[in-house]
Amino acid sequence: MGNESLPIKAIPLNILKMKVLVTGAAGFIGFYVSKVLLDKGHQVVGLDNINDYYDVNLKYARLQELGIHKAEAANNNRICKSTSTTHFTFIKMNLEDRFALPKLFETERFDVVCNLAAQAGVRYSLENPETYVDSNVVGFLNVLECCRHYGVKHLVYASSSSVYGLNKKIPFSTDDAVDHPISLYAATKKSNELMAYTYSHLFQFPTTGLRFFTVYGPWGRPDMAMFLFTDAILKHQPIKVFNHGDMERDFTYIDDIVEGVVRIIEKPTTERVENNDLYKLYNIGNNRSVKLLDFIKEIEANLNMEAKKDMLPMQPGDVERTWANVDALIKDYGYSPNTPIKEGVKKFIDWFKMYYN
């Protein structure tokens, strides 16, 4: 990595020719963000370490949709080209690799970085804390350092609604105090926000953090409720319903999430640089809360099957209710989540049945 920071130029980004690094490109949100950016004519480099936190075959299948074949994608630190578009390349790499990552930045010279790579999962962080620090803290520091040294004009990164912990005030606002995370995963995401603020302040480049709420939809993660419930019901197995069903989530359909992320990526940061308004933080969700049991009823209706429910107590690190106040994102970016649960659940189940026959 170079010894001096490159100057940040207050030049509007040409949104027709932007070069964007999307980390976590084989993941759920990263796959969709990459796809939409490509559909809009941007050049995208996808990065993912394709870890085995959940079924790697699903990750490779997402990449296949982007024209990247498994045999190519499985090679570490090697750029592979999409067979379906000239605008997409992929590299399997760990963000913790502080030798390979700077080389990638030096070679590619990205306009914008969208960092969606992270070790996900609240409960898993109770058992594997080192993995979370390596990926979510050390990896994120390396991303910040590369943005600093290689002239990246804007870093957009994933935070999480989990930073709100046991916050009782509803809906959750980015003005709320988030000093008491109740899982290590949440603590790593809060640390990302603090690190981003420091780098924006010290090195004068724009960062935008997004606190994602519960995202669901086709190609979704197998460790999330939507996937787990559907899979179990179809197999005539009981579903685990925590806190005896007394839970609510701001379930947000993937298309609504990606629309917001891409709007932020595409908007020039010239005005922010001129006004020294370099650090931004937003909630991104559906702007409403849905009862968990109502969510399950919608799955049952679409499957035409009744779930066997195993009512369990609250799990460590979990919270009773989430609900995003997205007023700031609406004001600044015209964000408009509009997919109702009924429509989103149907789209997921149609995909699930097709993908798993």
Taking every DSSP bridge whose two residues both lie in region 166-299, the antiparallel percent to the nearest 5 is 20
Each label sits 7 Å from Cα toward the beta-carbon; between Lys342 and Asn57 the label points are separated, in nm, by 3.5
Trypsin sites (Lys or Arg not before Pro) in region 220-263 lying in a DSSP loop, each with at most 16 other Cβ atoms within 10 Å of its Cβ, come to Lys235
With a Förster distance of 22 angstrom and the Cβ-Cβ distance between Asp223 and Thr83, calculated FRET efficiency to the nearest 0.05 equals 0.15
Any lysines whose Cα falls less than 16 Å from that of Lys92, other than same-chain ones fewer than 8 residues away, would be Lys59, Lys70, Lys81, Lys103
Computed for region 283-332: size of charge dipole around the Cα centre, +1 on C-beta of each Lys and Arg, -1 on C-beta of each Asp and Glu, debye to nearest 20, value 60
Restricting to aspartates and glutamates and to Cα separations under 14 Å from Lys291, and discarding same-chain partners fewer than 8 apart, the set is Asp246, Glu248, Asp250, Glu320
Given a Förster distance of 41 Å, the FRET efficiency implied by the Cβ-Cβ spacing of Lys19 and Leu234, rounded to the nearest 0.05, works out to 0.45
Computed over the chain: longest principal axis from alpha-carbon atoms vs helix 341-355 long axis, angle to nearest 10 degrees, is 90
Between Asn357 and Glu320, the two model label points (7 Å from Cα along the beta-carbon direction) sit apart by a distance in nm of 4.6
A chain fully extended from Lys297 to Ile170 at 0.36 nm per residue, minus the present Cα-Cα distance, gains in nm 43.3 nm
For the chain, longest principal axis from Cα atoms; helix 225-234 axis from its Cα atoms; angle between them, nearest 10 degrees, is 40
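Every read-out reported here was derived from the displayed coordinates using simple, explicitly stated rules and does not represent laboratory data. Quick caveat: nothing in here was measured; it's all calculated off a predicted structure. FYI the Cβ positions are ideal-geometry reconstructions off the backbone, even for glycines, and counts take in every protein chain you see.
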